[in-house]
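The values are calculated or read from the model by the stated rules, or taken from the named source; none is laboratory data. In this text, all values refer to a predicted model and were calculated from it rather than measured experimentally. Reconstructed Cβ throughout: ideal geometry from the backbone, glycine too, with neighbour counts over all protein chains shown.
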Amino acid sequence: MNPNRFLNIDDLRQLAQRRLPSFAFAYLDGGAEDERALHDNTGIFRHLALQAYALRDTSQRDYSTTLLGKRSAFPLAVAPTGFNGMLWPRADILLAQAARDHGIPFTLSTMSSASLEQVAQSVPDGRRWFQLYVLKDRSIARDLAARARSAGYDTLIVTTDCAHYGKRERESRHFRAPLKLSLPALLNVAAHPGWVARVVAPSRGLPGFGNLEPYLPPGEKGRGAQFIARQLDASLNWRDIEDLRSRWNGKLVIKGIQTAEDAQTAVQCGADGIVLTNHGGRQLDCSVHPLQILRETREALGDETEILVDSGFRRGSHVIKALALGANGVLIGRPVLYGVAAGGLAGAQLALRILCEEVDRTAALLGACSYSELKKMQETLLNSGYPAKALDRAMGFPAKRAVSA
Ligand SMILES: Cc1cc2nc3c(=O)[nH]c(=O)nc-3n(C[C@H](O)[C@H](O)[C@H](O)COP(=O)(O)O)c2cc1C
């Protein structure tokens, strides 16, 4: 993949769109209902302007930091995403390799195509986190957590915002019945022979869910989607988090938090960190963006608890805005999926390279040489003048520039 041709994440998105059949691209790219949250997720960053310090020596730079107890080369980690094998063969493993090569953690989803053991065996030297969906049969979550621990995953991320399926209309329009593609969608698949040859032909179908195979009833092997639909559990609650905490001795993170109050409850239940997210606009439409609640959540939690954020981060400058408002790091979701769908390992590597270089360049232009200097740069964020009164209130803008020491 030529880095001179694909200059930013949107370039990779466009190539992914060309390479994937429309139903698969809708799965990757689409959001819930009117896609308000999806749309606002990328738009919100423009409400904040950056203000640089001049004449600071930025010849030596290092933006590494500690995320959940271990060093990470950048304040980034790959977000958990399910069904990646539909985008490119062995996509979970390729994403884990790309994360390792950039020195950042990789999160494997419960709904991954490869099993957690396959990823651990294929990329033994990368840092691995495991994302857990708690299903109706609670013994599955306990077993998955035990498997993840023995396969060397050091952090468990429990996702809380998927007890009900989001209504993803863009995706649903490609189906005439559950799991049955419409005629136009099938014709569109036929117009993507490269994808068919790569993804469908080798295993004569779409990939299954590697982690869940052992739990599927005998008649349902290879048909995990129906099983998952039956196993979503609307009764999931904080007692489940306490139970998991008592069984998991690694770092525990709760993903799906949208209020400072829930962030505090997560900590009371023993969480080491939280992920402020709206699931990339795929679940609750019109939901709040992490940037809008970062400051109040940081104030409520103090400095001990790690706050990760995701949803709509497409530029290095987006990452820096979140750090300045109190986040410890950012989970990267669709950008690496666009990359892997566009060009396998080379595409995933390019997506992370673009983001890491943008973080480095933006921080350098701001006059910050290190992660800790970036964190002190709250005063470099200014409301860019957009009519965003609510954002103003939430963020306490217009911010006063502190006098530099
Ligand atoms: C295709 C796709 C699949 C996803 N699957 C999961 C999943 O299995 N578990 C999970 O916790 N989050 C999942 N997410 C949400 C991501 O972890 C993350 O919150 C989201 O991608 C952030 O939004 P962004 O990609 O627009 O930046 C998925 C997101 C996408 C786009």
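Numbers at a glance
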read-out: Wholly enclosed helices (runs of 4 or more DSSP H) of the range 1-60 bearing at least 1 residues hydroxyl-bearing (Ser, Thr, Tyr) and closer than 26 Å to residue 82 by Cβ; value: 22-29, 36-43
read-out: Qualifying positions in the range 101-153 - touching a strand residue (DSSP E or B) at 6+ places or on another chain (Cβ under 7 Å) and of a type in the set (Lys, Arg); value: 127, 128
read-out: Whichever residue in the range 250-261 is among the charged types (D, E, K, R) and buried (at least 18 other Cβ atoms within 10 Å of the Cβ) and, among such residues, is nearest to the ligand (Cβ to nearest atom); value: 255
read-out: From the options 294, 236, 337, 244, residue that is out of contact with any helix residue (DSSP H, G or I) (no Cβ under 6 Å at 6 or more places or on another chain) and either within 14 Å of the ligand (Cβ to nearest atom) or not in a helix (DSSP H, G or I) (or both); value: 236
read-out: Residues of the range 272-286 satisfying the condition of being within 15 Å of the ligand (Cβ to nearest atom) and either touching a strand residue (DSSP E or B) at 6+ places or on another chain (Cβ under 7 Å) or not small (Gly, Ala, Ser) (or both); value: 273, 274, 275, 276, 277, 278, 279, 282, 283, 284, 285
read-out: Filter result for the condition that a residue is buried (at least 20 other Cβ atoms within 10 Å of the Cβ) and modelled with pLDDT under 95, over 366, 355, 350; value: 366
read-out: Residues within the range 61-83 that are among the β-branched types (Val, Ile, Thr), part of a strand (DSSP E or B) and within 16 Å of the ligand (Cβ to nearest atom), tallied; value: 1
read-out: For residue 30: the one exception among (1) within 13 Å of the ligand (Cβ to nearest atom); (2) closer than 22 Å to residue 349 by Cβ; value: (2)
read-out: Enumeration of residues in the range 110-132 that are part of a loop (DSSP other than H, G, I, E, B), surrounded by fewer than 24 Cβ atoms within 10 Å (Cβ to Cβ) and of a type in the set (A, V, I, L, M); value: 111, 123
read-out: Some residue of the range 186-203 being within 18 Å of residue 24 (Cβ to Cβ), free of Cβ contacts under 8 Å to residues at least 24 places away in the same chain and part of a loop (DSSP other than H, G, I, E, B); value: yes
read-out: In the range 234-249, the residues that are hydrophobic (A, V, I, L, M, F, W, C) and surrounded by fewer than 16 Cβ atoms within 10 Å (Cβ to Cβ); value: 234, 238
read-out: Residue in the range 267-276 that is part of a helix (DSSP H, G or I) and surrounded by fewer than 17 Cβ atoms within 10 Å (Cβ to Cβ) present; value: yes
